[in-house]
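First comes the structure, then the notes that go with it.
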Amino acid sequence: MNTETGAEAQPLINLLGLSQAKLEAFFAELGEKKFRAIQVMKWIHQLGVCDFDEMSNLSKGLREKLKQRAVIEAPEVIQRWDSADGTRKFLFRVGGGNAIETVYIPDGDRGTLCVSSQVGCSLDCSFCATGKQGFNRDLSAHEIIGQVWQAAKSFGQLDSVNVADRKVTNVVMMGMGEPLLNFDNVVDAMNLMMHDNAYGLSKRRVTLSTSGVVPALDKLADVTDVSLAISLHASNDAIRNELVPINRKYPIAVLLDSAQRYIERMPDNRRKITIEYTLIDQLNDRPEHAHELVQLLKDVPVKINLIPFNPFSLSNYKRVSNNSLRRFQTILIDAGFTTTVRTTRGDDIDAACGQLAGQVNDRTRRAERYKLDAAAMMASNSDVIPVKLVQD
Ligand code: SAH
Ligand code: SF4
């Protein structure tokens with residue numbers, strides 16, 4: 001409240017996460033022309049500018065108006081780690097004592113950024129460090145695209161409009177959180193990733209990964225055509241019910257049908273669904289599981305990505321052995337599936353896309369529950385792998 005005039009101060013709008021349509025609406029409200037939206041988008045996302053005074057093609061009057069009404073703010077980098085292999089991990093402050101993580105993984109001429117969509121996750125998958133922390137809140141669109149903005153800026157990418165200089169060439173929504181449970185903000189952020197006047201990534205280079213929120217997946221093709229990854233992790237419902245509890249609501253057959261409908265609606269319908277399968281010792285890594293998976297996926301256009309389970313302190317699962325991993329992969333390859341193995345990167349900085357564990361202020365108190373369980377487990381089982389949390 002402004003005590004002199006008695007008027008409520010208007011909250012400042014963060015322009016970083018606004019889609020083109022929302023930016024245009026914002027400028028219309030200021031009595032400005034639509035094309036201002038594109039000008040400002042280029043300043044923000046292509047040149048990394050967050051100070052209105054630097055936006056030299058806007059009039060002084062407009063810049064002053066913008067300062068009264070808006071800000072351009074990305075989440076603050078609390079810490080950054082650089083691995084010897086080029087992997088870079090960021091810890092971002094997102095308020096309320098919470099942090100999220102983002103990982104950049106270079107591989108030849110490709111650089112993949114693994115982006116978070118929520119603070120924690122409500123879906124409680126039994127092998128996932130984020131799931132064990134419980135759910136705190138959705139990230140806003142500016143906090144999601146802000147991870148890309150900060151990463152690109154950290155490489156100096158935003159100082160150059162030359163596409164060949166880009167370090168972030170791919171984005172996967174495989175950080176903390178379930179992207180389909182934060183639908184609108186994730187879609188706005190992904191649209192900015194693909195926008196020609198922002199990051200200009202092709203739809204093949206932006207991937208949404210989901211554990212299977214089927215009603216939201218059914219809506220996704222109405223609004224976007226990004227690549228799709230399904231976190232399957234099991235060859236039958238009994239095992240998947242244990243690993244991915246949302247499977248009890250939307251079992252494998254229902255999920256695969258929905259995924260198939262999604263890619264069938266893509267304009268280039270030769271695209272494939274990526275199946276993610278985290279291999280856990282003795283649980284889902286046996287040859288019979290591989291054969292069952294072959295049967296399950298025989299009529300679905302997929303490529304398969306095997307992920308060796310990454311142990312962490314609140315879990316008593318163990319990493320698949322190298323023998324079982326190779327045996328599993330060979331069965332899939334012999335059956336004709338393109339099957340890759342996700343190699344561990346950034347070991348020296350504890351960076352692993354998909355097992356990120358920023359400190360989350362857990363509203364569900366789940367972390368405490370697990371800590372008790374884990375303590376009991378440690379006491380009763382000396383066989384537990386000694387592990388450290390990503391963020392400890
Ligand atoms: N919620 C979404 C996206 C985030 S998880 C989803 O589940 O798809 C990203 C990927 O990392 C998922 O495939 C997830 O199953 C995997 N993952 C999570 N914890 C892991 C761990 N401890 N070891 C290996 N992979 C893990
Ligand atoms: Fe959430 Fe994905 Fe982790 Fe499951 S695997 S708890 S859906 S982040």
## Note on the structure
Per the filter on region 70-83, residues in contact (Cβ under 8 Å) with a residue 60 or more places away in the chain and crowded, with 19+ Cβ neighbours inside 10 Å are ALA74, PRO75, SER83
### Query
Among the residues of region 84-126, which ones are touching a Ser or Thr at 6+ places or on another chain (Cβ under 7 Å), open to solvent by less than 20 Å² (accessible area, probe 1.4 Å) and away from ligand 2 (no atom under 16 Å from the Cβ)?
PHE90, PHE92, TYR104, GLY111, LEU113
### Query
Restricting attention to region 301-341, which residues are of a type in the set (A, V, I, L, M), touching a residue at least 24 places away in the same chain (Cβ under 8 Å) and under 16 Å from TYR277 (Cβ atoms)?
VAL302, ILE304, LEU306, ILE307, VAL320, LEU325, ILE331, LEU332, ALA335, VAL341
### Query
Do you know which residues across region 240-257 are away from ligand 1 (no atom under 14 Å from the Cβ) and either within 14 Å of THR210 (Cβ to Cβ) or assigned to a helix (DSSP H, G or I) (or both)?
ASN241, ARG248, LYS249, ILE252, ALA253, VAL254, LEU256, ASP257
### Query
Which one is surrounded by the fewest Cβ atoms within 10 Å (Cβ to Cβ), of the residues in region 127-148 that are at pLDDT below 95 and of a type in the set (S, T, N, Q)?
ASN136
### Message
For region 220-254, which positions are within 20 Å of VAL187 (Cβ to Cβ) and touching a strand residue (DSSP E or B) at 6+ places or on another chain (Cβ under 6 Å)?
### Response
VAL226, SER227, LEU228, ALA229, ILE230, SER231
### Query
Right, LYS67: open to solvent by 40 Å² or more (accessible area, probe 1.4 Å), under 25 Å from THR224 (Cα atoms) and not β-branched (Val, Ile, Thr) or not?
no
### Task
Within region 48-58, track down each residue that is open to solvent by less than 70 Å² (accessible area, probe 1.4 Å) and over 14 Å from ALA37 (Cα atoms).
GLY48, VAL49, CYS50, ASP51
### Query
Across region 86-124, what is the total count of residues that are more than 16 Å from ligand 1 (Cβ to nearest atom), out of contact with any Pro (no Cβ under 8 Å at 6 or more places or on another chain) and not small (Gly, Ala, Ser)?
8
#### Entry: Matching entry among LEU332, LEU293, LEU283, LEU297 (being open to solvent by less than 70 Å² (accessible area, probe 1.4 Å), modelled with pLDDT of 95 or more and within 14 Å of ligand 1 (Cβ to nearest atom))
LEU283
### Task
Would you mention how many residues in region 197-231 are closer than 30 Å to GLN157 by Cβ and of a type in the set (Gly, Ala, Ser)?
7
### Task
Could you check, for region 149-170, whether at least one of its residues is within 15 Å of the chain's Cα centre (by Cα), within 14 Å of ligand 2 (Cβ to nearest atom) and closer than 28 Å to ARG80 by Cβ?
no
### Message
Scan region 187-195 and tell me whether some residue there is more than 10 Å from ligand 1 (Cβ to nearest atom), in contact (Cβ under 8 Å) with a residue 12 or more places away in the chain, assigned by TED's automatic domain parsing to the domain that holds ASP85 and of a type in the set (Asp, Glu).
### Response
yes
### Query
What pairs can you find where one residue is in region 117-143 and among the acidic types (Asp, Glu), the other is within 9 Å of ligand 2 (Cβ to nearest atom) and outside any loop (DSSP other than H, G, I, E, B), and their Cβ atoms are less than 6 Å apart, with a gap of 6+ or different chains?
ASP124/GLY131; ASP124/PRO245; ASP138/GLN118
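The values are calculated or read from the model by the stated rules, or taken from the named source; none is laboratory data. Because the structure is predicted, anything quoted here is derived from the model rather than measured. Neighbour counts run over all protein chains shown; Cβ positions are idealised from the backbone, glycine included. Surface areas here come from the heavy atoms of the whole protein model, side chains and all, with no ligands, DNA or RNA. Shrake-Rupley method; radii C 1.70, N 1.55, O 1.52, S 1.80 Å.
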